[in-house]
Amino acid sequence: MRWLLGIVMVLLIAGIGGAGAVLYAFHHFGRDLPDYEFLADYEPPVVTRVHAGDGRLLAEYARNKRVFVSIEAIPKRVVKAFLAAEDKNFYNHPGIDFVSLASAVVINIKNYGTGRRPIGASTITQQVAKNFLLTNEVSIDRKAKEAILSFRMERALNKDRILELYLNEIYLGFGSYGVAAAALNYFNKPLADLTVAEAAYLAALPKAPNNYHPIRRHDAAVGRRNWVIGQMVENGFITPAEAEGAKREALTVSVPSTGDETDAAYFAEEVRRDLIERYGDKGLYEGGLSVRTTLDPHLQQIAEKALREGLESYDRRHGWRGAIAQIDIVPGWGDALAKVARPAGLGDWRLGAVVKANARAATIGFPDGSLATLPYEEMKWARPWLEDQRFGATPNAVTAVLSVGDVVLVEAVTENGDGEAYEEATVALRQIPNVGGAIVAMDPHTGRVLAMSGGYSAEMSEFNRATQALRQPGSSFKPIVYMAGLDLGYTPATRILDAPFVLDQGPGQPKWKPSNYSNEFYGPTPMRVGIEKSRNLMTVRLAQTIGMDKVVQYAKRFGVVDEMQPHLSFSLGAAETTLMRVTTAYSMFVNGGKRITPSLFDRVVDRHGRTIYRHDARPCEGCNARAWDGGPPPRIPDTREQIADPASAYQMVSMLEGVVQRGTGRRIAELGKTLGGKTGTTNNNMDTWFVGFSPDLAVGVFVGFDQPRTLGEKDTGSNVAAPIFKLFMKDALDGVVTPDFRIPPGVRMVWIDHDTGGRSRSGAPGAILEAFKPGTEPTGESLVIGGGVGPMPSGDSGSASAPASAAPVATSGSGLY
């Protein structure tokens, strides 16, 4: 009996000691543990997705590519696969699975010394504790803290919440965080479409994704997947028949399709910058935003094609800058060619080496050993480039340009310029442009940016010349000056003196003597002709008459320049601005003088589906009705601010239509569409512009070197930027019937003579319909800005009258000659 009492006492003391040790361990390791209660409301970092206007994926932004899915939305087969593989007793243990732990200890003792890897018994709760609250340190200290946290978490959180955190947090390889991202990256499927075999494969990955790579370690991956399938049968999650079918299923990776994606690098980067400015880095990279942009993928594709072709065309006109590299054409030349660095912006072009050449053709070799023919006709453009964008004579032979061993860029071609077919494997000589440019397409009524490209290739430079390049707009600024004049009561028929103009700029300063591009003077000329022909002297005289303060006010009102100095030279476009701003201003001409703000996205939705930004913020009473009652649809008010007289805006649109029909943009008239616009060229031809519109689409084009220098002696907006605008509009408006520009109420259309501004009649030579506000129609006397008041020089009955407040500018006096 005494020995029995002794045993009881020993067990009692051991029990007390063990309990004390456990309590001490809880006290020692439980001190300063991380706070786990935040996990109840924890929202893991989730990928932000940016979509085009048609829903196609444009970009994703995330530090860890994760798509969060609630536990209710995760299919049961996926849940069961992970429970079978990781923690079959998850719903029954208190955070630590003592049965599995004991089994693991026994198995590891048996396997000791055999070289087999020890097995673990960490529960899903323990893995959540480690992943969220602790480090990956391998130590008794960390394991003890992990166990204590697991007990505590099981009391604070329900099982489903713990499992939800686990399935959305774990890393499963292929850049996938969480099961939803893994399903997309491995199988290009949503979770709901995964088969048993696919779910089992994902469940095989948490321990070591790289060890079960589906391509590099395919056999190991299949073996591990089949083991998980076996565990699912053993735990009653699937039937043996289902398991056999799953094991027979091939393990194949399906790369995510790009059919539902679109590419617009400059646009996407601009969206990224805008989102960071609004929501910060964390909001963008962890917030799980869903962004619906304004991008029209069809127009974007047209814009990028037009810009690239336009820049390439300009670049080829200005000569050949030489081969990319030189290699020796000896045995093994293909390996040497393969080592030549691939130029940024290559696109579909190929890097090749000249392996043979004669006067009429060159043979081009590629790293894979294939050959192609480069005929003289496809490289005769390659005149030698000279300083200031000049160029030498047309080469008379291929060998005048290319030598054996030259590494060059070529593009596959199928026919020559006359449409005659080439033999197979014929290429043309190409050169990546070193000139910059940009294009923007916008809905002029809303400000929605439909397409934008900020350069030849974002691979070459992410600098967006549509939004970041501050350049002088040149003559494309002139409509702002004329718009101010129209709002003050002048008309398109008001005559302005086109004659020498000299301004005394003060002591010690040279006199300012602007001139027309033609260096000629044309006398009193209607305002319409001044803008159609881009007359500098007329613009300066109008700006001097209405006052540069008024021009500054209109430049700010239309968003072109916020703070412009009131110097007369700025009336000719000397103040720097961006293509986006000028295109927005022209949009406000064609929309009737309504203020718009350019926008890259229509709506931003947070991770919970709440709209946190909407570009169209107009109120809509009745739009949220549960059902339509058969009555009229809700009326949405037009809340846009009216910043100019609609009649003045139409007069400006009509004059800019004249630029296309008769002026510096007349090459665009060949399209046969309703179009208006204006060229722009700065001093020494450093910047070239064309900004224009149809009734429902505004487009701006800029071309210039990033480090400003001349584009060439004869290169202007009309032959550099305007062709790109034309290329874009040709494809964008293909099959589209463009209506006439909308005439606002109250505008009177009167027949006048285009060249004099005097009254005329329908059918008379040079007669056009001109737009007038009531009371400003032509009379028998005409104001000549800068030249007094006098009769019309022709036999017509009169011309536009002057606004009551206007006074002619003196042709002599202090500072003005």
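The values are calculated or read from the model by the stated rules, or taken from the named source; none is laboratory data. Bear in mind the structure is a predicted one, so any value in this text is a computation, not a measurement. Backbone-built Cβ (ideal geometry, glycine too); neighbour counts: all protein chains shown. In case anyone asks, the SASA skips ligands and DNA or RNA and just uses the protein heavy atoms, side chains included. Shrake-Rupley method; radii C 1.70, N 1.55, O 1.52, S 1.80 Å.
Sort 738, 48 from largest to smallest accessible area, using a 1.4 Å probe on the heavy atoms of the protein chains.
738, 48
I need the shape label for segment 233-346. Rule: rounded when a/c is under 1.5, else prolate if a/b > b/c, else oblate, with a, b, c from the alpha carbon gyration tensor.
Because a/c hits 1.5 or more and a/b fails to exceed b/c, segment 233-346 counts as oblate.
Rounded, prolate or oblate, given the Cα gyration tensor of segment 156-239, with a/c below 1.5 counting as rounded?
Oblate, since a/c reaches 1.5 and b/c is not below a/b.
Taking the Cβ of residue 702 as the centre, find all other residues whose Cβ is under 14 Å away and add up their charges (Lys, Arg: +1; Asp, Glu: -1).
So the environment of residue 702 carries a net charge of 0.
Going by the alpha-carbon gyration tensor, a ≥ b ≥ c the square roots of its eigenvalues, is segment 686-790 rounded (a/c under 1.5) or, if a/c is not under 1.5, prolate (a/b greater than b/c) versus oblate?
The shape class here is oblate.
Please list the equivalent ellipsoid semi-axes of segment 637-698, computed as the square roots of five times the alpha-carbon gyration tensor eigenvalues, in descending order and whole angstrom.
Over the Cα atoms of segment 637-698, the semi-axes work out to 24, 16, 11 Å.
Using 1/(1 + (r/R0)^6) with R0 = 25 angstrom and r between the beta carbons of residue 174 and residue 603, what's the FRET efficiency to the nearest 0.05?
Computed FRET efficiency for residue 174 and residue 603: 0.25.
How large a share of the accessible area of segment 214-369, in percent, is made up of carbon and sulfur atoms when the probe is 1.4 Å and the other protein chains stay in place?
For segment 214-369, the apolar C and S fraction of the accessible surface comes to 49 percent.
If each residue of separation counts as 0.36 nm, what is the full-extension length gain between residue 627 and residue 207 once their alpha-carbon separation is subtracted?
146.0 nm
Scan around residue 426 for amide H atoms under 5 Å from its own, H built in the peptide plane at 1.01 Å from N, and keep only partners 5 or more places away or cross-chain.
Under 5 Å from the amide H of residue 426 lie the amide H atoms of 373, 413, each far enough along the sequence or on another chain.
Considering only Cα-Cα distances, which of the following residue pairs are longer than 29 Å: 556/714; 550/714; 533/594; 511/773; 533/730?
556/714; 550/714; 511/773
What figure, in Å² to the nearest 10, do you get for the accessible area of residue 664 with a 1.4 Å probe and non-protein molecules left out?
Solvent-accessible area, nearest 10 Å²: 40 Å².
Taking the mean number of other Cβ atoms within 10 Å as a proxy for protection, how do you rank 413-423, 639-649, 245-255 from highest to lowest?
Result, highest mean Cβ count within 10 Å first: 639-649, 245-255, 413-423.
Can you sort 218, 615, 213 by 1.4 Å-probe accessible area, starting with the largest?
Highest to lowest solvent-accessible surface, that is 218, 615, 213.
Using only alpha carbon pairs under 8 Å that are at least six residues apart, calculate the relative contact order of segment 395-481 and give it in whole percent.
16 percent
Provide the per residue accessible area, probe 1.4 Å, for segment 504-622, rounded to a whole number of square angstrom.
45 Å²
What list of ³J(HN,Hα) couplings, whole Hz, do you get for segment 308-322 from phi and the Karplus terms 6.51, -1.76, 1.60, once you set θ to phi - 60° and write x for glycine and proline?
Taking θ as phi minus 60°, the curve returns 4, 5, x, 5, 5, 5, 4, 5, 5, 5, 10, x, 9, 9, x Hz for segment 308-322.
Counting other Cβ atoms within 10 Å, keep those with at most 12, restrict to DSSP loop, and tell me which GluC sites (Glu not before Pro) in segment 708-793 are left.
For GluC sites (Glu not before Pro) across segment 708-793 that sit outside H, G, I, E and B with at most 12 neighbouring Cβ atoms in 10 Å, the list reads 713.
Can you tally the net charge around residue 324? Count Lys and Arg as +1, Asp and Glu as -1, for every other residue whose Cβ sits under 13 Å from the Cβ of residue 324.
+4
Starting from the Cα-Cα distance between residue 511 and residue 563, subtract it from 0.36 nm times their residue separation and give me the gain in nm to one decimal.
Result: 16.2 nm gained on full extension.
Residue by residue through segment 529-540, which ³J(HN,Hα) values in whole Hz follow from phi under the Karplus form 6.51 cos²θ - 1.76 cosθ + 1.60 (θ = phi - 60°), with glycine and proline marked x?
Going residue by residue, I get 5, x, 7, 5, 9, 6, 7, 5, 5, 5, 5, 4 Hz, with x marking Gly and Pro.
If we count every other residue with Cβ under 10 angstrom of residue 298's Cβ, Lys/Arg +1 and Asp/Glu -1, where does the sum land?
The answer is -3.
Ignoring ligands, DNA and RNA, what accessible area per residue does segment 285-389 give at 1.4 Å, in Å²?
For segment 285-389, the per-residue accessible area is 47 Å².
Around residue 450, which amide H atoms from residues at least 5 apart in sequence, or from another chain, sit under 5 Å from its own amide H, with H modelled in the peptide plane?
Distant-sequence amide H within range of residue 450: 441, 442, 443.
As a test of reading the structure, rank 225, 430, 448 by solvent-accessible area (1.4 Å probe, protein chains only), most first.
Accessible-area ranking of 225, 430, 448, largest first: 448, 430, 225.
Around residue 325, which amide H atoms from residues at least 5 apart in sequence, or from another chain, sit under 5 Å from its own amide H, with H modelled in the peptide plane?
The list, which skips near neighbours in sequence, is 407.
For segment 157-166, just list the computed ³J(HN,Hα) in residue order, Karplus coefficients 6.51, -1.76 and 1.60, θ = phi - 60°, integers in Hz, with x standing in for Gly and Pro.
10, 7, 4, 4, 5, 4, 5, 4, 4, 5
What figure, in Å² to the nearest 10, do you get for the accessible area of residue 68 with a 1.4 Å probe and non-protein molecules left out?
Residue 68 exposes around 70 Å² with every protein chain in place.
Hey, how many Å between the Cα centroid of segment 567-617 and the Cα centroid of segment 510-562?
With segment 567-617 and segment 510-562 each reduced to a Cα centre, they are spaced 25 Å.
Using a 1.4 Å probe on the protein heavy atoms, what percent of the accessible area of segment 563-624 belongs to carbon and sulfur?
After summing per-atom areas, the C and S share lands at 45 percent.
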